[in-house]
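Here's the structure we're looking at; comments come further down.
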There are 2 protein chains.
Amino acid sequence: MAKIDDIMKMTGFSRTAVSKALNDKDDISEATKKIIRDAARELNYIPNINARNLRSKNNNVIALIISSPSAESEKTNTLYPLLMGVNKAMAAQQYELALYIIDSKDQAAKSYVAFCRERNVKGAILVGIKTDDDYIKQLKNSEIPYVLIDVDIRGTDHMNVVKIDDVTAAFEATEHLIDHNHKNIAFINGGKTATVAIDRWEGYQKALAEHGLPLQHDYVKIADFSEEKAYAVTKALFKQHPELTAVFCASDLMALGTMKALDDLELDVPRDVSVVGFDDIPLASYVKPALTTINQSFFEKGNKAADLIASLLKESQDKKIITLPHKLMRRNSVAHNKRSA
Amino acid sequence: MAKIDDIMKMTGFSRTAVSKALNDKDDISEATKKIIRDAARELNYIPNINARNLRSKNNNVIALIISSPSAESEKTNTLYPLLMGVNKAMAAQQYELALYIIDSKDQAAKSYVAFCRERNVKGAILVGIKTDDDYIKQLKNSEIPYVLIDVDIRGTDHMNVVKIDDVTAAFEATEHLIDHNHKNIAFINGGKTATVAIDRWEGYQKALAEHGLPLQHDYVKIADFSEEKAYAVTKALFKQHPELTAVFCASDLMALGTMKALDDLELDVPRDVSVVGFDDIPLASYVKPALTTINQSFFEKGNKAADLIASLLKESQDKKIITLPHKLMRRNSVAHNKRSA
DNA sequence: CTGAAAGCGCTTACAG
DNA sequence: CTGAAAGCGCTTACAG
């Protein structure tokens, strides 16, 4: 491995001159730069990034911290586009990406704050954090700027967040069902602590309230964003409450489980029961009937989060909430309810 | 940020003692270690990884290099499980993962060899390389050990490779069709240079030959692993060759396009035409009719590749080819051909 | 078992 | 425009 000193010996210039030329500084003549660059090329010189970062403290690395990825099914596939979105923005801005995946088990092993400080990470993007996670506290105590994806803005005193308006999206999804004359609408939610779950739950309630429909707590179930649990929950729900004519699921994956349960119950979607999902994963449009759902772009989430952290590092600014658009995709899993109330 | 010198001053031990205690070396008394560790905890000390790596040259980083990820649709989602597989093995072995994503456009910008040498990467895993890529040459010239995922073993004089037996898998897929009395079987391939495409093409030919079926070059088309192109190609194919009763697609994504085209042509799958895919992506089992296809695990590919590179670094050994299992998933897109020849 | 000293490969004031 | 020197925060022979 060629080093700066090798170029120095080869060209006769000082170590300083070589370093400056290689970094294209102003105070070196073009002639000198050319000689040095040629020598560097000839020697196949590649700078040692550890030495550079140690000395200059200028390493441009941003961490993407993915929490509990195993919670995400391969079927959902939201993290991959998100990663691509982050990567695209990072590459464009000359930042380097450090990936840190927190598996549920080794959470105790090492904190991601240590991870970031060890390698002098300048900023972090966090995905998959729940509102009751310790991690949020860890973050606040660290000096590292960060942006959170899909984290609620309430009670988090001004953090940088990229999200969609989950409340409104869930409101629209529920209202879409109400508009199709559904009155007994079940809600299958992902959990109680995930921010998106909390928000979607709020949107569901709002829509019912606004249209004068009573909130039946019996119609609301938690299925942990799991297809299998949604399947089980749906079966139980419809056995107990045959008056239900529609289900709003807080994720497409759960909607898939719900549709399967309905099928096993010999309830036709959408003739007997209407279903709305959330996320618009690829599967949603391929399933039969194609699933009506809320579309959001995970690529954009990653991309905007990376842009935000980059701009935060350039100029310190006030904490910022970026709300990305969502869209109700009307497909074939919702029909007009003809049952009499 | 606390440094070793701070602990040194706080405890009165030398810099050497502190460093050794923190790294749990043998030649430090337990009593001293305890004092130093306590001080480190109190000072919230976190080692600077750049300094450590610069000095010790012992950085345990392995690069995962993903080439042309945009070629992969979000629908396919093979890279995410692969990344998880790599990550799991790396974490278990105390290696750190450096992710390098080569987008088609910035291929010229910086070579991944420079990327690896800059940060003193010890080994690399490469995905998405095609047999005609420059990258393979770059690799050979570098001193960095590497393992390739899904690269052919022919003409690559003994590289480390993790793959499935694509030839046999394609053979089985084609034979499955032949076993169902199909004689006119189209083959829609991904490309000509991707290794998996070359291998699957060979498997298709072998199956025909073994069963005494003629190879009709008109029945073979390239659709670049694209759903849209497979759609177009299938339409053209069946307009020109109504005698076709089956299609083997070299990827599930293309099979999706083919099924859509068949549907538009008012050809029923599997009644009129049988279809077999490849990969067993999540969509395959959800589509109606559920797609018969070849299952392979991308998580395992990543996991085994990471294990292999780790063992390569521990003890130099002969180049190794790891062949992972595949499995024909019989679902509902294949039926017995009743048309007379 | 402990410590003084050198050095990993760079960048950056500072002086000229 | 160029160079001599110091130092980033560690680890590691070496000596005791």
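If you take the residues in the stretch B:269-284 that are among the charged types (D, E, K, R) and away from every other protein chain (no Cβ under 14 Å), which one is most open to solvent (accessible area, probe 1.4 Å)? Can you show your working first?
Let us first name the residues in the stretch B:269-284 that are among the charged types (D, E, K, R), namely B:271-272, B:279-280.
So of that shortlist, the ones also away from every other protein chain (no Cβ under 14 Å) come out as B:271-272.
On the way: B:Arg271: 171, B:Asp272: 40 Å².
For the stretch B:269-284, the residue satisfying everything is B:Arg271.
Hey, any hits in the stretch A:217-228 for a residue that's part of a strand (DSSP E or B), touching a Phe, Trp or Tyr at 6+ places or on another chain (Cβ under 7 Å) and not charged (D, E, K, R)? Walk me through how you get there before you give the answer.
Quick first cut of the stretch A:217-228, residues part of a strand (DSSP E or B) only: A:220-222.
If we keep only those that are touching a Phe, Trp or Tyr at 6+ places or on another chain (Cβ under 7 Å) too, we end up with A:220.
Of the ones still in play, those that are also not charged (D, E, K, R) are A:220.
Yes, the stretch A:217-228 has at least one match.
With respect to the conditions (1) of a type in the set (A, V, I, L, M); (2) more than 8 Å from DNA strand D (Cβ to nearest atom); (3) crowded, with 19+ Cβ neighbours inside 10 Å; (4) modelled with pLDDT of 90 or more, B:Leu54 lacks only one, and its number is (2). Counting only helices (runs of 4 or more DSSP H) that sit completely within the stretch A:1-79, those holding 1 or more residues that are more than 9 Å from DNA strand C (Cβ to nearest atom) correspond to A:4-11, A:15-22, A:30-43. Pairs linking a residue in the stretch A:84-97 that is among the polar types (S, T, N, Q) to a residue that is part of a helix (DSSP H, G or I) and surrounded by fewer than 22 Cβ atoms within 10 Å (Cβ to Cβ), with Cβ atoms under 7 Å and 6 or more positions apart or on different chains, are A:Gln93/A:Ala310. All told, A:Ala40 meets the bar of being of a type in the set (A, V, I, L, M), open to solvent by less than 20 Å² (accessible area, probe 1.4 Å) and within 16 Å of DNA strand D (Cβ to nearest atom). Is there a residue in the stretch A:1-18 that is open to solvent by 60 Å² or more (accessible area, probe 1.4 Å), more than 30 Å from A:Ile281 (Cβ to Cβ), aliphatic (A, V, I, L, M) and within 14 Å of another protein chain (Cβ to nearest Cβ)? Within the stretch A:1-18, one or more residues are open to solvent by 60 Å² or more (accessible area, probe 1.4 Å), more than 30 Å from A:Ile281 (Cβ to Cβ), aliphatic (A, V, I, L, M) and within 14 Å of another protein chain (Cβ to nearest Cβ). Restricting attention to the stretch A:285-330, the residues being open to solvent by less than 60 Å² (accessible area, probe 1.4 Å), of a type in the set (D, E, K, R) and more than 13 Å from the chain's Cα centre (by Cα) number 1.
Would you be able to say whether some residue in the stretch B:70-86 is near DNA strand D (Cβ under 10 Å from one of its atoms), touching a Lys or Arg at 6+ places or on another chain (Cβ under 8 Å) and within 30 Å of A:Lys88 (Cα to Cα)? No, the stretch B:70-86 contains no residue that is near DNA strand D (Cβ under 10 Å from one of its atoms), touching a Lys or Arg at 6+ places or on another chain (Cβ under 8 Å) and within 30 Å of A:Lys88 (Cα to Cα).
The values are calculated or read from the model by the stated rules, or taken from the named source; none is laboratory data. Remember, it's a predicted structure, so these values are computed and weren't measured experimentally. Because the Cβ atoms are built from the backbone with ideal geometry, glycine has one as well, and the counts that use them run over all protein chains shown. The protein model used for the area step is the full one, side chains on, heavy atoms only, and it has no ligands, DNA or RNA in it. Shrake-Rupley method; radii C 1.70, N 1.55, O 1.52, S 1.80 Å.
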